[in-house]
Amino acid sequence: MKRFSSLVLILLMTICSLITFSACREKVILPSSAITLGMAMNNDGSITQELDFSFQTENLKNQNVKPNLIEEAKGNLLSAVNVVRNEFYLTLLVTYSLNPNPAYKISEAVVVSQTRYYEKSDSIGFVIEYRDFDTWQFYQNGGKSEEENDGDSQKTKINFFTQTSSEGKFPFSVDFIQADESVTTIGERYQKLYKNAYNLTLPNDVVNKLDTPSFVYDYATPFANLDSNADLKVQTNGLYHNVWIRDLSNFKDATIKLTSTVIYTGWWYLSLLVGVIIIFVICLAGAKIYKIKRG
């Protein structure tokens, strides 16, 4: 019976080990220069969107560019990014003016920061803070508080869990209609703004030695059950980051794929318990038969 008890214990440990796992996270190594769009669903329910342009201070210093010219170039880039910031802000204003709702008032439910230089990251950008998911949804849907399923998402209920999948374009590959009605991509437009900011102050030979910024999209949530086709995944400050990195040669056809899996824990444990009972009964029956044959 000791051998039988040991067998049951091993079987139990083996089955239980199937429901435990450990995840190995990659270290995020971002490009030396990048235009980064970030979206974070924070633990407090708020949502943060951020657009950030790298500034290349060290590169310019290594090229022996005078400090006053570096500061001037920095000011030019800040002005260029501020144009983008004002476009975001204007879009929010128009959305609210066409669909006024005190619950989603600008400067209260949604706040757009000023464009600023971040010394620690040597970058220039701005942040949009939405009070909660409903506020973010209101502005994303053109003033509608509820979003209907548009068919881009698929829900599949499979016995013990539900999967929700969605797929969309890489944000920088989305088309942008310019003032002259010509069409470009958001990424190409940002690249042009970036380079022009340096060209206003610095000679071509200096600008040509600057790193061409890559496009980075960082999507962060507090949910560990979110899978994606991201290039990098990392957990920090209670959030799980899915990071996509592209450059000018491969960003246009890039896609974002997300899959969320919700496991019905009660059913899994019930299944596990039933499995253990069945194995236990089989082992008991086997031991009894073996004992009868020997007796």
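Quick rundown of the values:
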quantity	calculated
Accessible area (Å², 1.4 Å probe, nearest 10) - Trp136	50 Å²
Integer Hz, Karplus 6.51/-1.76/1.60 couplings in order for the range 70-81, x for Gly and Pro	5, 5, 5, 5, 4, x, 5, 5, 4, 5, 5, 5
P(r) of the range 61-152 over all Cα-Cα pairs, binned every 5 Å from zero, in whole percent	3, 12, 19, 17, 13, 11, 9, 7, 5, 4, 2, 0
Under the Karplus curve 6.51 cos²θ - 1.76 cosθ + 1.60, θ = phi - 60°, whole-Hz ³J(HN,Hα) for the range 174-189, x wherever Gly or Pro sits	5, 5, 10, 8, 7, 4, 8, 6, 6, 10, 9, 9, 4, x, 5, 5
Asp122-Asn225 pseudo-label distance in nm [points 7 Å out on the Cα-to-Cβ vector]	4.3 nm
Long pairs among Lys105/Lys144; Lys74/Lys169; Lys120/Lys233; Lys105/Lys169; Lys169/Lys233; Lys192/Lys257, criterion Cα-Cα beyond 21 Å	Lys74/Lys169; Lys120/Lys233; Lys105/Lys169; Lys192/Lys257
Amide H within-cut-off set for Ser228, under 5 Å, with H built and near neighbours excluded	Thr259
Normalised alpha carbon radius of gyration of the range 163-264 [divisor 2.2 N^0.38 Å]	1.36
Exposure of Glu58 as accessible area (Å², to 10), given a probe of 1.4 Å and all protein chains	110 Å²
Rg over Rh, two decimals, the range 32-83 (C-alpha only, Kirkwood Rh)	1.15
Phi to ³J(HN,Hα) by Karplus 6.51 cos²θ - 1.76 cosθ + 1.60 over the range 121-129, Hz, x for Gly, Pro	9, 6, 8, 10, x, 8, 10, 10, 10
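The values are calculated or read from the model by the stated rules, or taken from the named source; none is laboratory data. Only a predicted model underlies this, so the values are computations on that prediction, with no experimental measurement involved. Every residue, glycine as well, gets a Cβ built from its backbone with ideal geometry; the counts of neighbours run over all protein chains shown. In case anyone asks, the SASA skips ligands and DNA or RNA and just uses the protein heavy atoms, side chains included. Shrake-Rupley method; radii C 1.70, N 1.55, O 1.52, S 1.80 Å.
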